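Participant: Sharing a structure below in structure tokens format, with a few things to ask.
The values are calculated or read from the model by the stated rules, or taken from the named source; none is laboratory data. In this text the structure is predicted, and so the values were computed from the model without any measurement. Neighbour counts run over all protein chains shown; Cβ positions are idealised from the backbone, glycine included. Each accessible area value is taken on the protein alone, full model and side chains, heavy atoms only, with ligands, DNA and RNA left out. Shrake-Rupley method; radii C 1.70, N 1.55, O 1.52, S 1.80 Å.
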Amino acid sequence: MTKVLYFFLISELLWVAWIDIQTKKISNIWSGLHVLLAFILYLLPITTYSFRWEVLIFPIGILVVGFLLYLVNVMGAGDSKYLASLFLIIPLDAQSIFLKKLIISTIMTGGLLLIFRIFKKWPVLRAYLWSRYWKGLKETVRSRFSFAPVIGVAWILFGWELWGQ
């Protein structure tokens, strides 16, 4: 992956993250842009972008897991489509690196939001714990957040590992 493509995508990710925070939706236009860009990259004679069926393992896996998370109301459909299409642009040898960074940024963000929510709602949570009202406890702790900023943080960590050190 070239630095030009990386910085183009980081600017796009920041823009999409801003839109996602504001509207809680990611347009299919962004996923379509990724698919088009991936198609162009795989047509060009660039050695890091040689099309093999293995290139589709991570994007299809992200779509399947994202759909399951959508069904249980954890992740938005736009988030999973956007993320799967982003994986199409990442060269095969770097996809696992980005996935690790995505997992790290998801755990960090989710953990921080959980801790913040526990401190903010502690009196209510304590009452639910004492009364053993598990449904109320679950609903109070549970929160949905925009996932595009998490993808952006993962992308920054990804670039740092590729070129930083």
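Participant: Only one of these is closer than 19 Å to Leu14 by Cβ and without any contact (Cβ under 8 Å) to a residue 24 or more places away in the chain: Gly159, Gly164, Gly136. Name it.
Facilitator: Of the residues listed, the single one that is closer than 19 Å to Leu14 by Cβ and without any contact (Cβ under 8 Å) to a residue 24 or more places away in the chain is Gly164.
Participant: Tally the residues that are β-branched (Val, Ile, Thr) and either touching a residue at least 24 places away in the same chain (Cβ under 8 Å) or open to solvent by less than 60 Å² (accessible area, probe 1.4 Å) (or both), restricting the search to the stretch 104-118.
Facilitator: 3
Participant: A follow-up question, please. Residues of the stretch 43-55 being touching a residue at least 12 places away in the same chain (Cβ under 8 Å) and open to solvent by less than 80 Å² (accessible area, probe 1.4 Å), which ones?
Facilitator: Listed by number, the residues that qualify are Thr48, Tyr49, Glu54, Val55.
Participant: OK, next. List the residue pairs whose Cβ atoms are under 6 Å apart, where the first residue sits in the stretch 58-83 and is without any contact (Cβ under 8 Å) to a residue 12 or more places away in the chain, the second is among the hydrophobic types (A, V, I, L, M, F, W, C) and surrounded by 14 or more Cβ atoms within 10 Å (Cβ to Cβ), and the two are 6 or more positions apart or on different chains.
Facilitator: Leu69/Met75; Tyr70/Ala77
Participant: Let me ask something additional. Could you list, in sequence order, the residues of the stretch 1-26 that are surrounded by fewer than 14 Cβ atoms within 10 Å (Cβ to Cβ) and either free of Cβ contacts under 8 Å to residues at least 40 places away in the same chain or in contact with a His (Cβ under 8 Å, 6 or more places away or on another chain) (or both)?
Facilitator: Within the stretch 1-26, Thr2, Val4, Phe7, Phe8, Ser11, Trp15, Gln22, Thr23 meet the criteria.
Participant: While we're here: When the stretch 130-146 is examined, which residues are found to be at pLDDT 85 or above and open to solvent by less than 70 Å² (accessible area, probe 1.4 Å)?
Facilitator: none
Participant: Sticking with this one: What's the number of the condition Ile21 fails, among (1) under 14 Å from the mean Cα position of the chain (by Cα); (2) part of a helix (DSSP H, G or I); (3) under 14 Å from Leu86 (Cβ atoms)?
Facilitator: With respect to (1) under 14 Å from the mean Cα position of the chain (by Cα); (2) part of a helix (DSSP H, G or I); (3) under 14 Å from Leu86 (Cβ atoms), Ile21 is out only on (3).
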